[in-house]
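For reference, the structure is listed below as structure tokens.
Rule-based calculations on the coordinates, nothing more; no lab input. What you see is a predicted model, and the numbers here were worked out from it, not measured in a lab. All Cβ positions, even for glycine, are placed from backbone atoms using ideal geometry, and neighbour counts span all protein chains on display.
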Amino acid sequence: MVAIKVFRVDSIPSNINYKLLINSALNEQFMIYHDLSESETLMLATSELVASLHNSIPGLSVSEKYKSFNLSSMRYLSIYTKNNQQPLWDIYNILKGHSSGLFVSFCPSNYKHVKKTKDRIADFMSREEIRVTKSIIPLDKRSSGSIQSDLYYGYDSRMANTSLLEMLSESLFLNGTSYKVAMIIESYLDEHLFTYLKSKLKVIYQCEIHPMWIEKLWKIAIDKDAIPFSQEASSSLLSFSESTIKELVINSPAKISKAGIFIGTRMLGGVSETNDKICIPIPTLNLGVIITGVPGTGKTFAAMNIVEQVLRAGMRNIAVISPTSEWGNIASECGMNLVRISDPALSLNLFGCSDANVSRFYENLAMLIANSCNAGPYTNPLEKCLLSAFHKCYSEALDPDPTELYEQIEEAIIEQHGKRSNAGVKYTKHGENIRSALESIRLLIMKRQFAYNGGTKIKDLLKNGVIFDLSGASNSTKPLFYSLILNQIYSYAEQFDELGDGALRMLICAEEAHLVFGKAKKSAPSVDLGQRMQDFRKRGICMMLVTHNVTDIDDTLRRLCQIKMYFRQNSDIAKYAANDLIFSEKDFTEVADKLKTLGQRICALNHINQIGTSKNPTSSIFMKASEQNHTQAPMPSLANNESRNKTTIVSLFKADGSPAACFKAEVRYVHEVLFSGYTDEAGHIKSNAILDGKKCELIIYGEKRKDNRLFYIIGGEESIIKLNC
């Protein structure tokens, strides 16, 4: 007994080849059931046949389903199609919601049955032939003649039989490979459905059957006589519900790498999963990687997989900048350094220069900061102010105090865009806008983690791999952190020589890279990175950019990245992503449509094959990225930032030595008021808000403005000040 199962057809290729489906059936019996009430298509077949169809036809997807059929009374129809078009293509539009169902039975036939059917039809047609002679008398009656012709009764029937003979001859030419095709209507009284079928098909004969169960129906289909259809004619009786998902199938033959780091498995035609593993040779990562996709498609996990496998291959010089805390578990599992920007226990040196090329360091720093401060049309004037300030500071010390840096920047702004007077400083319009754009830097150096010129150096963290978690930073300061960290990484990367083309020496991964490189078309950081990426290949450095949309990154940078992983794209930019990939030109529209609807963890891939020392591109393919099970690492307990500062005490005395009680005072650090109030009865000012060791301004207010006095104090220390009053 054949084990018959019922499968629901979930999806088919959008450009399905019905003849290929018939050929892939390998001359095995199967049935198509059109459930009109549920508007779906079912298939009755063996599991082996379904597996064969699934492997042969990318995009065809089925799933097992329990279905109870009404088999008590049915009408069996031996039919033949009147043309080669799909006669049932509109069955769901005409009879949608109808209570009946319709079986289309495909039973394998053989050479003997085809030959017998052909001889029977040929004999029938020969007996219909009649020869007629007709006399012709001209109008002038001077001569006469006659015409002999063959007439055929039932001209339409004759044409159909002629077509049928041609089809049977085709089957005989293919050694009798054919199917007996029959229609079986679920309800015998369904005249509406029967009338529709007769308008589309030629019914050879019909009879009533009572199979009761599906196995008996299967056996009846084998035993009953029916017209044997060639493979091409059989395919014309295949049709699927309009509710069946239409999968875009894009065939792109490409060689896939078998050696290197495993990134995923090949999707046949972009729709069917395979066990073909895709690997990327580690040295090819030097050619640049870009990963894009809308949120939730798996791009971050794809980047994590690459980083983790590079780590396990023994390469530790890895830097990851992430605006989220998703990478925390990678750090703990692989022994990398984890730097959480929001951790008050952190002390990170973001301005220290350890590079011999100091001028290159601060020039890059000025360019990156200027573009991250959202200065708009004042970006170039801001960069010039920063260059002037950095030149003075880094000429005196490679590790300047951040407060001194800010003061020098203020001085440079006054020098270039302001004027001092007795009433203070008056800035030009440029100056006011530049000072406003520097607010993020001022807020940054007010935090203990970044206020000191000492602390941990990023170059030391890079030696064992480091992940910078910026989840605790505000959206306005994230671009600034990106710029400061990237400049430190760039400085470290320049220590490598230019003999690293055949090996990976360092990997830099920037998540949400558009925060730095997506500000504007041909922005300074993008142009700078484009030049660096050409140099990175020779130094053995991989730059990996991760963004939400392909257009977040300048097209010049995208072209430089030769390894591309494009997950699902937004509808309005999918065409730009398709243009970056290496598919056939005729498939451009289909590829763009495909990129709009890719499932989770599925992406289009451009990769590089390596044979010996030769690195060669291949055609793009679709891939299912390897699955990662990393979960978010627990956040460490955060200490109170203020409790880390010592109490700053200032004692004020008058000229006669008595306490200066009830004097109004303010303490400022980089123009921020940390204390405002009055001295107590003992003339004391006490505050825990002042950073230890930082130089602050103390202003003692008099009755008039000219009586105000300015002093300097050091945070965390006790100061004694005498007033001349």
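Per-structure values
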| quantity | calculated |
| --- | --- |
| Contact order relative to length of the chain, as percent, for alpha carbon pairs under 8 angstrom and 6 or more apart | 14 |
| Expected 222 nm ellipticity per residue - DSSP helices of 4 or more, -39500 (n - 2.57), all of the chain, to 500 | -9500 deg cm²/dmol |
| Distance histogram in 20 Å bins (all Cα pairs of the chain, percent per bin) | 14, 31, 22, 17, 10, 4, 1, 0 |
| Summed side-chain charge close to Lys112 - residues other than Lys112 whose Cβ falls under 15 Å, Lys, Arg +1, Asp, Glu -1 | +3 |
| DSSP-loop chymotrypsin sites (Phe, Trp or Tyr not before Pro) across segment 46-119, with at most 14 other Cβ within 10 angstrom | Tyr66, Trp89 |
| Taking segment 348-454 and dividing mean pair separation by its residue count, relative contact order in percent (alpha carbons under 8 Å, at least six apart) | 32 |
| Asn251-Lys447 pseudo-label distance in nm [points 7 Å out on the Cα-to-Cβ vector] | 5.6 |
| Zero-based 10 Å bins, Cα pair distances in segment 444-528, whole percents | 13, 42, 35, 9, 0 |
| Per-pair calculated FRET efficiency, R0 = 45 Å: Asn570 and Ala3 via Cβ, rounded to 0.05 | 0.45 |
| Distance between segment 551-624 and segment 410-451 - C-alpha centres, whole angstrom | 45 |
| Order by protection proxy (mean Cβ within 10 Å, highest first), peptides 223-236, 465-478 | 223-236, 465-478 |
| Relative packing of peptides 331-338, 603-610, 314-321 - highest average C-beta neighbours within 10 Å first | 603-610, 314-321, 331-338 |
| Total charge dipole magnitude, the chain, about the Cα centre, Cβ charges on Lys, Arg, Asp, Glu only, Debye to nearest 20 | 1040 |
| Nearest 10 degrees, 0 to 90: helix 402-417 Cα axis against the chain principal axis | 90 |
| Principal-axis tilt of helix 214-223 within the chain, Cα atoms, nearest 10 degrees | 50 |
| Estimated inter-spin distance, Lys198 and Ser614, nm [label 7 Å along Cα→Cβ] | 6.9 |
| Value in Å of the Kirkwood radius, where segment 642-722 supplies the Cα pairs that are averaged | 12.7 |
| Stokes-Einstein D for segment 388-427, Kirkwood Rh over Cα pairs, 20 °C, 1.002 mPa s (µm²/s) | 199 |
| Convex hull projection area averaged over all views, segment 348-454, Cα basis, nm² | 6.7 |
| For segment 367-385 and segment 1-53, distance of Cα centres in Å | 64 |
| C-alpha center-to-center spacing [segment 101-119, segment 275-309] in angstrom | 52 |
| Angle between the chain longest axis and helix 191-200 axis [Cα atoms, degrees, rounded to 10] | 90 |
| Relative contact order of segment 510-593, defined on C-alpha pairs under 8 angstrom at six or more residues apart (%) | 29 |
| Residue among Ile721, Gly59, Ile22 farthest towards the positive dipole end of the chain, charges placed on Cβ | Ile22 |
| Distance cut-off 18 Å, percentage of C-alpha pairs in segment 641-686 lying past it | 37 |
